[in-house]
Amino acid sequence: MPRILAPHKSGLHRLACKSDICLALYKSLLRESTRVGAAIESPAVTKTLQSLIRFRFHRDRKLLSPSQIANGIKAGHGSLSLLRECTTKSGDALHKLSQTLEQVTLQAESISAYRAELASRWKPPPPRRHAHLENLRRVASKANHISTPESPRIFQHPRPISELKSGIRKVPNLILAQGVPLLKYPGPTPVLMNRVLKNKILWGVRKWAQHQDISEKIQHGEWEDEWDIILAREQGITESDEAANGNGQVGRWGEQAEKGGEETSSVINMHFVNPKRYSIGNEKNNNQPPSRFVPRATRVSWTLALRQVDRQLEQAVQARGRQYAELGDKYWQVVLKERELKERERREKKHARRMARKQATSIFGTAERDGPVSSVSSGFI
């Protein structure tokens, strides 16, 4: 039977209603501000009120706290009542409205003076901070974020030597930390990498602790199964599938674990014979007398349920291991490409030095063929 929804107890429903109320309140305030200006024959007051209303609603548009939203709606209704009284040219309402506008004007002037004072005290940052500030602007720009979850930045290597900040190519090493593959670059390990590594290791520790806890409970499950067999054999008492489902679907898990997901051909029901005895019947043939022993396939098995949970933990650990293996293969490809590119750059630099020496030698040999250098021209006396 579906649950009965109480709208006044639903947070989503209440927030939706509050958004509609805010929109209606916003339109009503703008409408009344126009009427106030027409009543006192002052278009400037209408523009001022409408600008204040738009500013306030635009400022509070991101409020998520129900209490703050309720307080804002309450204040808005109070302002709406004041504007409606001003429309009737009530002296008290007009006096209160004028005081409110004066306070808002004084507050705006004080804020403007404070900002002007701060602007007069501002000094440009020193030249040594320019590079850091430029880096902050570049990082804040989303257009420069080339790393995405589908294409992490680590797999976008190797890069040309011109794109490296240091100008020196550092080849990483592939290491395993508690089974977690990592690319270790020369130098200190970043704090973020240590944090991620710690979280991954703690996940494995928690799974191992859960496995140990379940292993201890399996022994208790075996004792429970033995007791159920004794009750079924001696007293004819067993538990139906419906009762097992009510206790967390333990019986269904046990049957699936033992039979590989195949459903049994009959359903075992339980009903009272007398206040202290149960009778087991088959839905297909209720005329037959109840049996004294219940087959294992139709019993609730605590052991099989716990082993099923343990198997799920094992599958989760194996899936994480396969993920780490795939990640390690990708990391190893990055290492190979970095090594290959560094070796290529080393050969190119070596070839460039060799060509520079050869060119210098050829220039010196040409100068010797032109003629001997005199001692006077060489500076020797």
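Quick check on Arg153: is it of a type in the set (Lys, Arg) and either loosely packed, with under 13 Cβ neighbours inside 10 Å or at pLDDT below 90 (or both)? So Arg153 passes the test.
Can you pull out every residue in the range 48-61 that is of a type outside the set (Val, Ile, Thr) and surrounded by 13 or more Cβ atoms within 10 Å (Cβ to Cβ)? Leu49, Gln50, Leu52, Arg54, Arg56, Phe57, Asp60, listed by residue number.
Looking only at residues in the range 215-237 that are surrounded by 16 or more Cβ atoms within 10 Å (Cβ to Cβ) and among the aliphatic types (A, V, I, L, M), the one that is modelled with the lowest pLDDT is Ile237. The residue list Leu12, Leu23, Leu5 contains one member that is under 15 Å from Leu80 (Cβ atoms), loosely packed, with under 12 Cβ neighbours inside 10 Å and at pLDDT below 90, which is Leu23. Within the range 220-232, residues that are among the β-branched types (Val, Ile, Thr) have Cβ atoms under 9 Å from residues that are surrounded by 12 or more Cβ atoms within 10 Å (Cβ to Cβ) in these pairs: Ile229/Phe293; Ile229/Val294; Ile229/Arg296; Ile229/Arg299, counting only partners at least 6 apart in sequence or on another chain.
For the range 132-144, the criterion of being within 30 Å of Arg344 (Cα to Cα), free of Cβ contacts under 8 Å to residues at least 40 places away in the same chain and either of a type outside the set (Phe, Trp, Tyr) or assigned to a strand (DSSP E or B) (or both) is met by at least one residue. Taking residues in the range 103-114 that are within 19 Å of Leu49 (Cα to Cα) and in contact (Cβ under 8 Å) with a residue 12 or more places away in the chain, and partners anywhere that are surrounded by 10 or more Cβ atoms within 10 Å (Cβ to Cβ) and not small (Gly, Ala, Ser), the pairs with Cβ atoms closer than 8 Å and at least 6 places apart or on different chains are Val104/Leu52. Against the list (1) part of a helix (DSSP H, G or I); (2) over 28 Å from Arg339 (Cβ atoms); (3) without any contact (Cβ under 8 Å) to a residue 60 or more places away in the chain, the condition Leu197 fails is (2).
Residue-wise test of (1) farther than 22 Å from Ala38 by Cβ; (2) touching a Cys at 6+ places or on another chain (Cβ under 8 Å); (3) in the same structural domain as Ser28 (by TED's automatic domain parsing); (4) surrounded by 17 or more Cβ atoms within 10 Å (Cβ to Cβ).
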| residue | (1), (2), (3), (4) |
| --- | --- |
| Leu63 | yes, no, yes, no |
| Gln68 | yes, no, yes, no |
| Asn71 | yes, no, yes, no |
| Leu82 | no, no, yes, yes |
| Thr88 | no, no, yes, no |
| Asp92 | no, no, yes, no |
| His95 | no, no, yes, no |
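Contact map, the range 26-48: residues that are in the same structural domain as Ser81 (by TED's automatic domain parsing) paired with residues that are exposed (fewer than 15 other Cβ atoms within 10 Å of the Cβ), Cβ distance under 7 Å, separation 6+ or inter-chain. Pairs shown: Gly37/Pro43; Ala39/Lys89; Thr48/Leu101. For the residues Glu102, Glu163, the requirement of being under 30 Å from Glu32 (Cβ atoms), out of contact with any Phe, Trp or Tyr (no Cβ under 9 Å at 6 or more places or on another chain) and either surrounded by 11 or more Cβ atoms within 10 Å (Cβ to Cβ) or not β-branched (Val, Ile, Thr) (or both) singles out Glu102.
Within this structure, Ser147 fails the test of being at negative phi, surrounded by fewer than 10 Cβ atoms within 10 Å (Cβ to Cβ) and hydroxyl-bearing (Ser, Thr, Tyr).
The values are calculated or read from the model by the stated rules, or taken from the named source; none is laboratory data. Treat the numbers as computed from the prediction; the structure is a model and nothing was measured. No Cβ is skipped: glycine too gets one built from the backbone with ideal geometry, and neighbour counts run over all protein chains shown.
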